[in-house]
Amino acid sequence: MRSFMMMAALSCSPALAAPPLCTLPAPIAISVADSEAEPPTIAAPHPPPDALASIPFVQHVSSAGALMTDLGEAHGIRAVAARSGDQFMLFQVTPDGQAAVSGAIVELTPTQLQTIANGNITDLSVEHGLPGFFVRSGPQFQVFYMTPDKERLIPGVMWDAAGKNITRKQIADLPGAVPTVVVGSGDKIGRPGSATDLVTALALLQKAFSGTIGPASAPHLFMLVDPQCIYSVRALQMLQPYVAAGRLQVSVIPLSVLDHEDQGQSTRSALVLLSKPTDDLVSAWQAGRINDPPSPEAPERLRTNMAIAQAIGLKGTPTFIWRKPDGAEGRIDGIPMSMDALVSSIGS
C-alpha cells in the first residue's frame, strides 16, 4: 500500500515530472510564468483574511487576484487555499512565511520514503526551514519536503514570495533533472551559468514546425499543443478574439503526448497537421481535418518538435512561451487564469 501511495504521488502530483497537463483539470490559481520572473498579474487583488495578512507569500498570491482561505495548521505547517473563479490550488506555507509548497501533506513519513525509495533518493538543501528530497522512480522523479515536525511529507514544488521556483534551483545540478537535450547541431538548452552553451526556449521554438495565425506585426506567442487535448482546443478558442482583432500572432506547435490515453490518435493527428502548409495547419486543426494521410516529411517534423518539447522541460499541453517587453521569456503551463493578462505581457 505504501509503495502504491508513493508511485501515485510520483505520477500524479503537480510536480516536475507530472503527466501531461491535458490529463488533469486545467491549471489552477496562480500560474507562474517562468522560474526567474514574475507571472502576469490579475487586475483585482483580494485582501487576505486577517490571520494571513502578514504572511508575505499569501500577500503575493492574493495580489495576483486569488481569494485566500486559511485551512489551519497540521504537523507544524499552515495550509492555505488560493481560489480564482472555479479554480483553486492548495499551498503549505513555510514557517517563515516567505515561501510555500504547492500540494497537500501525504500520509507518508520520511522513514517510509527512505525505505520505499531504496537508494533512489537524494537529500536537497534546506529551504525556508523545510528539508527536501529528490526521489527517482524509473524515468520520472518527484521532490518531497518534510514537515517541520519531521512526521510527514509534502510532494510538490516550492515557490517563494516573489513567484520564483525554488525547487528548480535545488535540482539544477542533478543529472537529468533539468533537460539538456541536443536539438540541432550545437544547439542545447541547459542551466544558466553552466559550461554548456545555452540556447533559450524561444530560440529552440523558432526551429519547430508550426502553423501560424495572426498578423506578423502583432506580438508573437508560441503555443505547444496536442491536437487531441481538450485544453489545447479550448486555449486556441480563447485566443481567437485576440488574433481576429490583430492583437496577437500565434504559432501552434503540434506534439503527441496523449497516445497512452487515445490509442495513438494524438500521433496520427499531429502527423496530419504537420503535413499541412504552415498557413493551413491551424485552420485544419480547427476544422477537424486530421484524418488525411500524412506526408513523408511529417514523422521527422514530429520528432523535431518532440525533441524541442523535451529540451524545454514540457510538462503538458497547452504550454505558452513568449518574449516579454523587458526581453525575458515568459511561460505558462496549461490554460492561464487570464488570457487578457497573458496577452498584455507579450512584448512586440
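Annotation note: Cβ proximity below 8 Å between a residue of the range 145-157 that is open to solvent by 10 Å² or more (accessible area, probe 1.4 Å) and a residue that is among the charged types (D, E, K, R) (sequence gap 6+ or interchain) occurs for MET146/ARG152; ARG152/GLU107. Taking the conditions (1) more than 23 Å from the chain's Cα centre (by Cα); (2) in a loop (DSSP other than H, G, I, E, B); (3) farther than 22 Å from LEU204 by Cβ in turn, GLN228 satisfies each one other than (1).
Could you tell me whether ALA208 is over 18 Å from LEU342 (Cβ atoms), open to solvent by less than 30 Å² (accessible area, probe 1.4 Å) and in contact with a Leu (Cβ under 7 Å, 6 or more places away or on another chain)?
Numbers: over 18 Å from LEU342 (Cβ atoms): yes; open to solvent by less than 30 Å² (accessible area, probe 1.4 Å): yes; in contact with a Leu (Cβ under 7 Å, 6 or more places away or on another chain): no.
In short, no.
None of ILE189, ILE154, ILE213 is out of contact with any Lys or Arg (no Cβ under 6 Å at 6 or more places or on another chain), modelled with pLDDT of 90 or more, closer than 29 Å to ARG268 by Cα and among the β-branched types (Val, Ile, Thr) except ILE213. Selection of helices (runs of 4 or more DSSP H) fully inside the range 234-348 by the criterion of at least 3 residues being open to solvent by less than 30 Å² (accessible area, probe 1.4 Å) returns 265-273, 281-287, 298-311, 339-344.
The values are calculated or read from the model by the stated rules, or taken from the named source; none is laboratory data. Values in this document were obtained by computation on a predicted structure and should not be read as measured data. Using ideal geometry, Cβ is built from the backbone for each residue, glycine included, and neighbour counts are taken over all protein chains shown. Side chains included, ligands, DNA and RNA excluded: accessible areas come from the protein's heavy atoms. Shrake-Rupley method; radii C 1.70, N 1.55, O 1.52, S 1.80 Å.
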